[in-house]
Structure formats: C-alpha cells, structure tokens
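Remarks on the structure that follows.
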Amino acid sequence: MRNQLSRDFIFSGIAKVTVALCMAASIPAFAQTWSADDLARRTVERRAVEAVIWGMPAVNFQLMLQAFQAVQGAPNQVAYWSRPLDWKNQTLTPNPDTIYLMPFYDTRNGPVVLEIPPAGDGSITGSIDDAWQNALEDVGPAGLDKGKGGKYLILPPGYKDKIPAGYMPVRSDTNQGYAILRSNLKSGSDADIGHAVAYGKRIRFYPLSEAGRKDGAQTVFVDAFGKMFDANIPYDARFFDALDRFVQSEPWLTRDKVMIDMLKSLGIRQGAPFSPDAGTRALFDAAAREAHASIDVQYEKVFVPPFNEGSHWALPASKDVAEGMPNFFANPQAYPVDDRAITYSMAYFSAKTIGVGQFYLMTIKDKDGNRLDGSKRYRLNVPANAPVRLYWSATVYDGATHALIRETRWSSRSSNTPGLQKNPDGSVDIYFAPEAPAGKESNWVPTDPKGRFEVLFRLYGPEKPFFDKTWKLPDVEAAN
C-alpha cells in the first residue's frame, strides 16, 4: 500500500512538472507571434474604440461649440434661432417647435452671468449644462428661479471667492458649457413666433467682470437661423480631432483619470500637439466605425422597458444615465459610459429634474414591432386632452444620424401648429409618410423614403394624468 502511494505521488509530481514545462515552453512561442508594431497597433485600435464610447457627450458638446463658431459665434455669446428650426440645424434630436437660445459659456477668465427674465408674457424652459452635459441647474418656471427670473452666476472649477449678493451660484466642474433655453410658443403664428423671439432676447449673458460697466454689460446674440449648424457625430478620425480640442480645454475629472494614459497612447495629451500620421488616422477611422457599430447594436435596449407596458414608447435613456447625469454619477457603484454613449450619440443636453419642465417619449418601431420605414405611411393618434400645460409635439428624425431629415419642408407637427385638424372626439391624427395623405397636409410630417426614421414625442409642462398613466399615447400604426 505504501509503495502504491509512493508511485502515485511520484507520477502525480511528474505530471505536474510536465504540464508546467509545457506551459512555460508555450509562452515564448505565443509571444513571438506579436511584433512590437503589431502590439502598438492593436493597443491603438482597442483604446480608440473605448475613447469614442467614453468621450461621446464631450465630443457632442465640442461639435456644437464648433458649429457656433462656424456661424461667427464665440464663447460667452448667445446662439439663437429667429424662427423655429429648419433642417439646417443638424444637432441631435432638436425641437423644431420652439425658439432656441444657446448661450455658450467659458469661465477661464472668471465667472459668467446668465440673467433669466421673469415669466409672464412669455416663459423659458431650460437648463445649464457643463461640457460633459451634466445638468448644473434648471432655469425658468421649472427651475431654481421658479418663474421669478434672476441672475445665475456660473462659476469656474474650484472657485473659492465670495459670491456677490443677488446671484444664484452655479458651480461648473468644466471650464466651458452651455445653456439650452426654449422660449415657449403660444402658437405657430408669425405674431407669436415674433413675441417668443423678443421675450427670449430679454435674457442677458456676460462675464461677471463686466457687470459694473457704466454702459451696462453687453450681450451678443448671433442668429443661426437658415445657416448650417452641423453637429452630427463624425464616425471617423475627425471624432478624435474634436476630442483632442476638448481635452486641451478642460480639467480632468477624478472619475475619468483612468483615461489619461489611454488617450496619451492615442497621441491626445494636455499641452501637446495632436498630429497623428496617415496610418494612425486610418486606425482612428476604423475604430470610430467599430464604436458606431457597437452603439447601433445596443441602441434598441434604451427602449426597454417602455414607458407604458406593452407599448414601444420609452424615455430614450437608461435608468443609470437618467439618474446619473443630474447628480454627476454620485452612485459609486455606477458609471454607465456605454449607455451614456448611446444617449449622446442621438441627443444632447440633460435636465436637472426630468418631468417638471418637459418629458420625452421616443419610438423607433410601429405597433407591430417593425422598425419605422421612411418609404411607408404611418399614423399616430394623439388622444384628446393631452396632459400638458404648454404643448405637445411629434418630431421625425433620420434613423441613421438622429438629426432632422435633410431637405424636408418641416419636421414636426404640434398642438401649436396652425390649421392642425382634430377628429370629432378631440384627438389628433399625425401622419408620417413621404407624401401627404389627401387633405391631411396640415397633419403630415415628411419622411425620407430611402431610410429609417424615429419619432420623438415631447410634452412641455407635463401633468399628472401623464405620469399616473390615465392618459396614454398609443403606438404608431401602419396606415393604408
């Protein structure tokens, strides 16, 4: 018995040594299949894909800033649209049923003041976001001033000086950012559009250092209506050009320090020029396409679960993103960069409190679960007595770019649309198709027959029946 145990022990030991020697022998052979150039290339490919996913909201912001600069705007000035948006505004899922004002702030020379007028003969629904598009504060009746108006003082990172009396401090973790302000329309008439523009231009926006000027601080408004304002996400090497510009301008946040060396390996480093050669740019092109494909594959998951059980309408953001953006991802167990990339590949901005000033439902499918096809005709029946204090709207976007479909006459219909036809029961039918159904042009939104589309339903001033779900929005249906 003892001899048998000894033989077993010896054979077991020999077997273990043999396995170990085989494994050791295999390691150099495996490693020799990768050259230093191969490993460097693969590192760039992997990290570039992750950089696109991580950097999506930052590049989204950077592209909007660049679009503003392209129409002769500058930091600490206000982009505004003197009419409701047309397709030339190529930001992601914008609202063509309001008057937009977008002040772009830069606090590197000190705090910046945003004055919001009191609500009364007009109102503003809006938010101030940092450059990562985390909400800093809401403004207007649904915001901190509760409709009384006031002076919001946007502070640079680490600001420690005394706050002057009469200001509402808003602390930004980034040097730059913007506010998205919607001067709400009472209707789509020319008179009401003009009124909303005039009310919106009562905002004031200027560096705090100019507050004491004898001639008053000057607000510069730049009208972007009718001009190309292109902030489509470029899924190629240009994405990295924009990411580098962002990194050069902004401090590193503690939550993101893991990306410092990752980006350095791509040639993006604070204080250093970014000049990738042709071969590296080709790798960036491929990485951006791969990241885009990954985002597209995951896109449908933001519509699960739906807002109402059994429907296809959903708030187009995951729970972790919707909760994390307003509180700077305070939950130490969650930092949903993948889900955030999906959201900011198809939208911009976040609100401090979703559901007070506005709420959004989006769909990419019809009632039968099929993707919306621009070559077909669909109908959306909006039930009577929609629970909104201001208005509702249904907007069509390009399913590939998530921007307004190019070269369209209009992109939406809303409860404010002049001539909108109602059914005898008070409901409204909205049609989505390449051509208007006979006699229904006032209720029709054009689609592109060559591609897919998606629909965003907005509720401005949503009320209780929407949230307790006694009023429900039906799915989009295929129509004859």
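The values are calculated or read from the model by the stated rules, or taken from the named source; none is laboratory data. Predicted, not measured: the structure shown is a model, and the values here were computed from it. When we count neighbours, we look across all protein chains shown, and the Cβ atoms used for this are built from the backbone with ideal geometry, even at glycine. Remember, those area values only see protein heavy atoms, side chains included, never the ligands or the DNA or RNA. Shrake-Rupley method; radii C 1.70, N 1.55, O 1.52, S 1.80 Å.
Descriptive notes on the structure:
- Spatial separation of Cα centroids for the stretch 315-371 and the stretch 445-480, in angstrom: 17
- Only Cα pairs under 8 Å and 6+ residues apart enter the sum, and on that basis the relative contact order of the stretch 61-210 stands at 30 percent.
- Cβ crowding within 10 Å averaged over residues, with 163-172, 123-132 ranked highest first: 123-132, 163-172
- Estimated inter-spin distance, Ala400 and Lys464, nm [label 7 Å along Cα→Cβ]: 4.8
- Annotation for the stretch 72-136 versus the stretch 377-416: alpha-carbon center distance of 21 Å.
- Heavy-atom accessible surface of the chain: percent carbon and sulfur, 1.4 Å: 53
- Residue-averaged 222 nm ellipticity for the chain, from DSSP H runs of 4+ at -39500 (n - 2.57), nearest 500: -9000 deg cm²/dmol
- Residue-normalised accessible area of the stretch 138-241, expressed per residue, 1.4 Å probe, Å²: 45
- Label-reachable residues, the stretch 108-143, where backbone N falls under 20 Å from a point 7 Å from Phe328's Cα toward its Cβ: 108-114, 127-139
- Note on the stretch 237-336: Cα-only Rg and Dmax are 17.3, 53 Å.
- A DSSP coil position with no more than 13 other Cβ atoms inside 10 Å describes the following GluC sites (Glu not before Pro) in the stretch 367-456: Glu407, Glu435.
- Taking chymotrypsin sites (Phe, Trp or Tyr not before Pro) across the stretch 221-278, the ones in a DSSP loop with at most 16 further Cβ atoms lying within 10 angstrom of their Cβ are Trp252, Phe274.
- Restricting the calculation to Cα atoms, the chain shows an Rg/Rh of 1.08 when the hydrodynamic-style radius is the Kirkwood one.
- Derived value for the stretch 209-267: Kirkwood hydrodynamic radius 15.6 Å. Basis is the mean of 1/r over every pair of different alpha-carbon atoms.
- Take the stretch 247-366 with all the other protein chains still there, run a 1.4 Å probe, and you get 46 Å² of accessible area per residue.
- For trypsin sites (Lys or Arg not before Pro), the sites in the stretch 173-238 that DSSP calls loop and that have at most 14 other Cβ atoms within 10 Å are Arg213, Lys214.
- Across the chain, Cα pairs under 8 Å and at least six residues apart give a relative contact order of 18 percent.
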